[in-house]
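So the structure is just underneath, and the comments pick up after that.
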Amino acid sequence: MLPYNLCAHLQNAFRARHQKVVVDHTTQNLGILSILLRAGFVSSIARGTVAAPDPAQFHAAGDAQRRIWASLKYRDERPVLNHMQLVSKPSKRIFMSLTDLRLICSGRRAQQVKPLGMGEVAVVRTKDKENEWLEAREALQMGLAGEVICRAR
């Protein structure tokens, strides 16, 4: 599943008031969802199969049956995640240096990317395999530049 599919899938699930959403098990989806979990947009994530979020069945299942289950978060009957937007597209990928990341994190525009607002996060994919998926502020603290994949508020 490409990042824009995940963005659309999550937005549609929130708008339809679903409690849980199921996505394919890939390192990309797991990385993006774990960032959303740390930022407080999702209440929990669990590995499972097509049938249920069961880690025991996950290890026994084949690759085609493995899924990630995310529990969506609502406050006062309103979704916590209001908007999720793709920044780097397949036709126009956006790579940012540390200077550019510092600009968007501190409220200034960099390249074609608008600054991050209050409560907004940007997902960055770095070249470092140990910290491949990071939030923009985490990437800035670790000194890792990379591709800005999407933003959520």
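This table checks each residue for (1) charged (D, E, K, R); (2) under 14 Å from the mean Cα position of the chain (by Cα); (3) within 15 Å of residue 11 (Cβ to Cβ).
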{"residue": "72", "(1), (2), (3)": "no, yes, yes"}
{"residue": "77", "(1), (2), (3)": "yes, no, no"}
{"residue": "84", "(1), (2), (3)": "no, yes, yes"}
{"residue": "94", "(1), (2), (3)": "no, no, no"}
{"residue": "113", "(1), (2), (3)": "no, no, no"}
{"residue": "147", "(1), (2), (3)": "yes, yes, no"}
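More than 16 Å from residue 35 (Cα to Cα), under 17 Å from the mean Cα position of the chain (by Cα) and surrounded by 15 or more Cβ atoms within 10 Å (Cβ to Cβ), is that true of residue 67?
The answer is yes for residue 67.
Yes/no per residue for (1) closer than 21 Å to residue 64 by Cβ; (2) in contact with a Phe, Trp or Tyr (Cβ under 8 Å, 6 or more places away or on another chain):
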| position | (1), (2) |
| --- | --- |
| 2 | yes, no |
| 9 | yes, no |
| 12 | no, no |
| 17 | no, yes |
| 20 | yes, yes |
| 26 | yes, no |
| 38 | no, no |
| 44 | no, no |
| 50 | yes, no |
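When the stretch 37-56 is examined, which residues are found to be of a type in the set (A, V, I, L, M) and within 13 Å of the chain's Cα centre (by Cα)?
Correct list: 37, 39, 42, 45.
Could you grab the pairs with beta carbons closer than 7 Å, sequence gap of 6+ or different chains, first residue in the stretch 9-35 and modelled with pLDDT of 95 or more, second one surrounded by fewer than 20 Cβ atoms within 10 Å (Cβ to Cβ) and in a helix (DSSP H, G or I)?
Qualifying pairs under 7 Å: 21/9; 21/13; 23/9.
Among (1) open to solvent by 50 Å² or more (accessible area, probe 1.4 Å); (2) in contact with a strand residue (DSSP E or B) (Cβ under 8 Å, 6 or more places away or on another chain); (3) acidic (Asp, Glu), which single condition is residue 147 missing?
Every listed condition holds for residue 147 apart from (1).
Return the residues of the stretch 6-41 that are among the polar types (S, T, N, Q), within 25 Å of residue 62 (Cβ to Cβ) and either open to solvent by 50 Å² or more (accessible area, probe 1.4 Å) or part of a helix (DSSP H, G or I) (or both); say none if nothing qualifies.
Residues satisfying the conditions are 27, 28, 29, 34.
Return the residues of the stretch 92-125 that are touching a helix residue (DSSP H, G or I) at 6+ places or on another chain (Cβ under 6 Å) and under 16 Å from residue 28 (Cα atoms); say none if nothing qualifies.
Within the stretch 92-125, 122, 123, 124 meet the criteria.
Would you mind stating whether residue 44 is touching a strand residue (DSSP E or B) at 6+ places or on another chain (Cβ under 6 Å), polar (S, T, N, Q) and surrounded by 15 or more Cβ atoms within 10 Å (Cβ to Cβ)? Steps first, please.
Working: touching a strand residue (DSSP E or B) at 6+ places or on another chain (Cβ under 6 Å): yes; polar (S, T, N, Q): yes; surrounded by 15 or more Cβ atoms within 10 Å (Cβ to Cβ): no.
No: the conditions fail for residue 44.
How about the stretch 72-103: which of its residues are among the charged types (D, E, K, R), part of a loop (DSSP other than H, G, I, E, B) and either open to solvent by 80 Å² or more (accessible area, probe 1.4 Å) or on the phi > 0 side of the Ramachandran plot (or both)?
Selection gives 76, 77, 89, 92, 93.
Of the residues in the stretch 104-136, how many are loosely packed, with under 15 Cβ neighbours inside 10 Å and assigned to a helix (DSSP H, G or I)?
0
The values are calculated or read from the model by the stated rules, or taken from the named source; none is laboratory data. Treat the numbers as computed from the prediction; the structure is a model and nothing was measured. Cβ atoms come from the backbone with ideal geometry, glycine included; neighbour counts cover every protein chain shown. Calculation scope for accessible area: heavy atoms of the full protein, side chains included, ligands and nucleic acids excluded. Shrake-Rupley method; radii C 1.70, N 1.55, O 1.52, S 1.80 Å.
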